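Worksheet for the structure shown next.
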Amino acid sequence: MKTKEIILGYLGIRLKNILSKLSDSAFEKIEEIRFRVNRPLIILKGGESFFIRGDGHFSRNIKQAFIINQKDLVDTLQMMGEYSLYAFEEEIRNGYITLPGGHRVGLVGKVVMENGNLKTMRYIGGMNIRISHEVIGCANKIIPYIINGKNIYHTLIISPPKCGKTTLLRDLIRQISNGISDNFIGLAVGVVDERSEIAGCYQGIPQNDVGIRTDVLDCCPKVEGMRMLLRSMSPDVIAVDEIGKVEDIYAIEDVINGGVKLICTVHGSSILDIQRKPVLKELIQKKIFERMILLNYKNGPGSIEDIIDGTTLKSLI
Amino acid sequence: MIKLIGALLIIGGSTFIGFLIDKLERYRMNDLKNLQRALIFLKGEIDYMITPLPVAMEQVGNRIGDNIGQIFIYAGKQMMKKTGYTVTEIWKESVNSHIDNTYLSKEDKNILLSLGNALGYLDKEMQKNNIDLSILYLKEEIKRLDMHHQKNGRLYRSLGILGGLLIVILLY
């Protein structure tokens, strides 16, 4: 299904009507759609933000901007919760819902507490739909640096937000899992998809192409997930998104001691930046990662800044 | 001879009317009981199974069957189409277009409609309370109807026959 069809299916009637006026190709280029009550609808596309006019055209003039009202968000939330918000209590507590296809919807509003714990969110005031882009082949340039004979190197992808690290990780997984040539016929990949962003699972089935030898643990916390995969699915490679917590290190060590290769991503803009973070510093000092890939936004999402050998810390390109 | 046939027709007709009134009440009772069962199922689906509403609606409808089940099946199907309408709107449309196939009264209809106002967007506890409220109404109504029926069911039937006889005797 096209991205446009999926997203439109989860909007309230007024938002659906206005966004359905956008063409399919315009929709594919959108990175984020932001709804804020009593403020204009904003679309982020190619790193720039646009308003949308009543006739469905992009505009930079705020006077022509389409304004969101409270009911729009209430209706949209109902649709996103498939008319069953009671089934999404856990997701709302975490502040986001994942739509089929791996599009993540962030929520803000009035938080309700109970006994010191976050109970739920009432009166949703804003939403951010992050459109997940499946770019088949975006890892082509990186793959040769990662392959080591019949196996791969432990790899860390370092990227600032919105530079396409999850997209890159997904394509890496797909290529490693499918195999590339007769010399590299593909490895069993286990994915711990804590936020359903990599595989975009819907009812446990990956909606994005993550390769033929890939097993996905959907919505599972990373630490438990990595250990579960290690025990149960005997993977050759384990892939996770956004590491950085102290517990993550122990799970990573378990994976590496188990003889399994690891691919992870992390937020950051340079090696120095990463070395400032206590948890990641340790990983780099121990020279756990053999390859580090740095991304930036110079030529749009997914631009490669550098590929670094983790043992010598020297650039490979 | 013609007089005799006429007399028989009058008695037959009035007996039929008496039985019909009795039957209509019994049909309504049957519908109310089905509705009550449906809501109890729905509550279970939401409370224990945490089934999403569209699926729950369809399952409940299929299990109940009959004309009452149709209301739930239609609403579930409409929700799955992701048209952008709210639960309240979809439920209202479904109730309005299917209620004529049932024997439910206007009051029953209003209760059904008010159920739709709170479906879907509240948390589990509130959903449960809301459905419980409707179930409570149905329970009371069934109880009331049952007592009424025990008292008046035979009355309607015998009144039909006796009324017919009375007219015949008066006219004869």
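A quick yes/no check of all residues on (1) closer than 19 Å to A:His154 by Cβ; (2) surrounded by fewer than 16 Cβ atoms within 10 Å (Cβ to Cβ):
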| site | (1), (2) |
| --- | --- |
| A:Ser181 | no, yes |
| A:Ile185 | no, yes |
| A:Ile198 | yes, no |
| A:Pro206 | no, no |
| A:Thr214 | yes, no |
| A:Lys222 | yes, no |
| A:Ser234 | yes, yes |
| A:Val240 | yes, no |
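Tell me which residues, restricted to region B:104-139, are within 11 Å of another protein chain (Cβ to nearest Cβ) and of a type in the set (D, E, K, R).
Residues satisfying the conditions are B:Asp123, B:Lys124, B:Glu125, B:Lys128.
Report the residue count in region B:59-103 for those that are more than 12 Å from chain A (Cβ to nearest Cβ) and among the charged types (D, E, K, R). So that I can check it myself, show each step before the final result.
Going residue by residue through region B:59-103, those that are more than 12 Å from chain A (Cβ to nearest Cβ) are B:59-74, B:77, B:92-103.
Restricting the remaining residues to those that are among the charged types (D, E, K, R) gives B:63, B:66, B:77, B:92-93, B:100.
Within region B:59-103, residues that are more than 12 Å from chain A (Cβ to nearest Cβ) and among the charged types (D, E, K, R) number 6.
I need the strands (runs of 3 or more DSSP E) fully contained in region A:232-317, keeping only those with at least 1 residues that are among the charged types (D, E, K, R).
Once the strands (runs of 3 or more DSSP E) in region A:232-317 are filtered for at least 1 residues that are among the charged types (D, E, K, R), what remains is A:261-267, A:291-296, A:303-309.
Are any residues in region A:73-100 under 25 Å from A:Ile18 (Cα atoms) and within 19 Å of the chain's Cα centre (by Cα), and if so, which ones?
Of all residues in region A:73-100, those under 25 Å from A:Ile18 (Cα atoms) come to A:73-85, A:96-100.
Hits for region A:73-100 are A:Met80, A:Tyr96, A:Ile97, A:Thr98, A:Leu99, A:Pro100.
Do any helices (runs of 4 or more DSSP H) lying entirely in region A:1-107 carry at least 3 residues that are within 14 Å of another protein chain (Cβ to nearest Cβ), and which ones are they? Steps first, please.
Numbers: elements: A:3-8, A:13-19, A:24-29, A:70-80, A:89-94.
In region A:1-107, A:3-8, A:13-19, A:70-80, A:89-94 are the helices (runs of 4 or more DSSP H) which contain 3 or more residues that are within 14 Å of another protein chain (Cβ to nearest Cβ).
Exposed (fewer than 15 other Cβ atoms within 10 Å of the Cβ) and either among the aliphatic types (A, V, I, L, M) or not in a helix (DSSP H, G or I) (or both): which single residue out of B:Ile10, B:Ile21, B:Ile5 fits that description?
Answer to the check: B:Ile5.
What residue, among those in region B:42-58 that are part of a loop (DSSP other than H, G, I, E, B) and surrounded by 19 or more Cβ atoms within 10 Å (Cβ to Cβ), is nearest to the other protein chains (Cβ to nearest Cβ)?
The selected residue is B:Pro52.
Kindly indicate the residue of region A:205-231 that is under 19 Å from A:Asn94 (Cα atoms) and part of a loop (DSSP other than H, G, I, E, B) and also modelled with the lowest pLDDT among those meeting that condition.
Within region A:205-231, the subset under 19 Å from A:Asn94 (Cα atoms) is A:217-225.
Now drop any that are not part of a loop (DSSP other than H, G, I, E, B), which leaves A:219-221.
Working: A:Cys219: 86, A:Cys220: 89, A:Pro221: 91.
Within region A:205-231, the match that is modelled with the lowest pLDDT is A:Cys219.
Being among the aliphatic types (A, V, I, L, M), over 15 Å from the mean Cα position of the chain (by Cα) and assigned to a helix (DSSP H, G or I) is the filter here, so list the residues in region B:96-135 that pass it.
B:Met126, B:Ile131, B:Leu133
Evaluate the following for A:Arg60: is it surrounded by fewer than 16 Cβ atoms within 10 Å (Cβ to Cβ) and over 15 Å from A:Gly126 (Cβ atoms)?
Yes; evaluated as a whole, the condition is true for this residue.
Can you confirm whether B:Met147 is within 14 Å of chain A (Cβ to nearest Cβ) and either surrounded by fewer than 15 Cβ atoms within 10 Å (Cβ to Cβ) or under 20 Å from B:Phe41 (Cα atoms) (or both)?
No.
When you look at A:Gly106, is it surrounded by fewer than 21 Cβ atoms within 10 Å (Cβ to Cβ) and touching a residue at least 12 places away in the same chain (Cβ under 8 Å), yes or no?
For A:Gly106, the condition - surrounded by fewer than 21 Cβ atoms within 10 Å (Cβ to Cβ) and touching a residue at least 12 places away in the same chain (Cβ under 8 Å) - is met.
Is at least one residue of region A:303-315 in contact with a helix residue (DSSP H, G or I) (Cβ under 9 Å, 6 or more places away or on another chain), exposed (fewer than 14 other Cβ atoms within 10 Å of the Cβ) and under 29 Å from A:Leu229 (Cα atoms)?
Within region A:303-315, not a single residue is in contact with a helix residue (DSSP H, G or I) (Cβ under 9 Å, 6 or more places away or on another chain), exposed (fewer than 14 other Cβ atoms within 10 Å of the Cβ) and under 29 Å from A:Leu229 (Cα atoms).
The values are calculated or read from the model by the stated rules, or taken from the named source; none is laboratory data. Values in this document were obtained by computation on a predicted structure and should not be read as measured data. All Cβ positions, even for glycine, are placed from backbone atoms using ideal geometry, and neighbour counts span all protein chains on display.
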